[in-house]
Amino acid sequence: MRFLPDQDHRSYAATVRRLLADADHHKAARAWAAGDYAPGRALWRSLADTGLPALAVPEQPGGPGWYPAELASAFMELGRAGAPGPLVETVALAAGLGPASPWLAGLLAGDQLATVADPGAGYAVDAHVAEAAFVLVGEGLATADPLGAPLRSVDPSRHLMRCVPGEAVPADARRIRALATLLTAAQLLGAGQALLEVSVSYAGERRQFGRPVGSFQAVKHQLASAAVALEFARPLLYGGALAVRGDAAADPRDLPAAKAACADAAYQAARTALQVHGALGYTDEYDPTLLLRKVRALYTAWGTRAACHAAVLAGDPLPR
């Protein structure tokens, strides 16, 4: 079983990172939180132009194949950037909808966003913005009718809406759930890595008692522990990608194990970032705050910690 990305894999992830940096992703996230969705939509169209959503379309017209590992690397970069919108749900739906779906072409082109309600939470992300909303019902998929006004989550760039099922839609619901779980784990890992990097940098600049706080043993230990947790979660994420792909060497428990490990590692990195930054970490104007809030919101999305651990113990490939 191969866990290390090859050169093409790494090159594509680097392309996504450059595109996000050039697009001023923090500005797009703040605009999305304020109700201005144009910058976030433009960012997604640029990502779609690289073929990102098409990587989720398995051997169908319009898609190059089925590449969960490459998608995981791309969504790590989206997590690092704190990119707004129901991007996980859009790509997961593209993977599960059939080639005859009337929504597929718009999703692949980046012209449309879609969302699907997480069955564990009962909410759909940004259903008021997406062109199409769905809800998973058992082992099937149905259109969704949003109820009431959108609710803001702890992450201000995420808006949640309750939905009720409508008409049944032909789709591979298990593939949608599996890919949404994997990509959420990838976002968490990317956000955690970005928080660790900014914390290391800040620890070298912030001074107390005439010394950088990064020179204190207690701070070193916190940063090192966060780094180890993130590094140990990375191969689990790629193991989960192989499980989603259906690799014969993968264990069915790899996906829930990956989600649990990435969530815990990102949460540890977020807590460490708050410790290192102090009150600055709570400041709305400080960009890492966007990632701190996103980690907290994604921690329970598409599989809580308890559900993932239960799935691993039960040998279930999906957290319930």
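The values are calculated or read from the model by the stated rules, or taken from the named source; none is laboratory data. Owing to the predicted nature of the structure, the values given are computational and were not obtained by experimental measurement. For neighbour counting, all protein chains shown are included, and Cβ atoms are generated from backbone atoms with ideal geometry for every residue, glycine included.
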> Is it the case that residue 319 is touching a Cys at 6+ places or on another chain (Cβ under 9 Å) and either of a type in the set (S, T, N, Q) or modelled with pLDDT of 85 or more (or both)?
Replying inline: yes
> Looking only at the stretch 211-234, which residues are modelled with pLDDT under 75 and either of a type in the set (A, V, I, L, M) or surrounded by fewer than 12 Cβ atoms within 10 Å (Cβ to Cβ) (or both)?
Replying inline: 213
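Of the residues in the stretch 25-44, how many are charged (D, E, K, R) and touching a helix residue (DSSP H, G or I) at 6+ places or on another chain (Cβ under 8 Å)?
2
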> How many residues are assigned to a helix (DSSP H, G or I), under 13 Å from the mean Cα position of the chain (by Cα) and not hydrophobic (A, V, I, L, M, F, W, C) if we restrict to the stretch 69-82?
Replying inline: 4
>> Can you list residue pairs whose Cβ atoms sit under 7 Å apart, with the first residue in the stretch 106-131 being under 17 Å from residue 300 (Cα atoms) and the second being among the basic types (Lys, Arg) and part of a strand (DSSP E or B)? Count only pairs 6 or more apart in sequence or on different chains.
In response: 122/162; 123/162
> For the stretch 109-140, how many residues are in a strand (DSSP E or B) and within 27 Å of residue 48 (Cα to Cα)?
Replying inline: 13
> Can you name every residue in the stretch 1-56 that is among the β-branched types (Val, Ile, Thr) and in a loop (DSSP other than H, G, I, E, B)?
Replying inline: 50
> Going through the stretch 141-184 one residue at a time, which ones are of a type in the set (Gly, Ala, Ser) and either part of a strand (DSSP E or B) or at pLDDT 90 or above (or both)?
Replying inline: 142, 144, 148, 149, 157, 166, 168, 171, 173, 178, 180
> Looking at (1) within 30 Å of residue 278 (Cβ to Cβ); (2) buried (at least 18 other Cβ atoms within 10 Å of the Cβ), which is the only condition residue 179 fails?
Replying inline: (1)
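May I ask you to list the residues in the stretch 146-162 that are out of contact with any Phe, Trp or Tyr (no Cβ under 8 Å at 6 or more places or on another chain) and surrounded by 15 or more Cβ atoms within 10 Å (Cβ to Cβ)?
146, 150, 153, 155, 156, 158, 159
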> Out of 157, 201, which single residue is under 23 Å from residue 77 (Cβ atoms) and free of Cβ contacts under 8 Å to residues at least 40 places away in the same chain?
Replying inline: 201
> Could you say which residue among 200, 276 is of a type in the set (Val, Ile, Thr), assigned to a helix (DSSP H, G or I) and buried (at least 21 other Cβ atoms within 10 Å of the Cβ)?
Replying inline: 276
> Restricting attention to the stretch 283-318, and to residues there that are hydroxyl-bearing (Ser, Thr, Tyr) and touching a Ser or Thr at 6+ places or on another chain (Cβ under 7 Å), which single residue is surrounded by the fewest Cβ atoms within 10 Å (Cβ to Cβ)?
Replying inline: 283
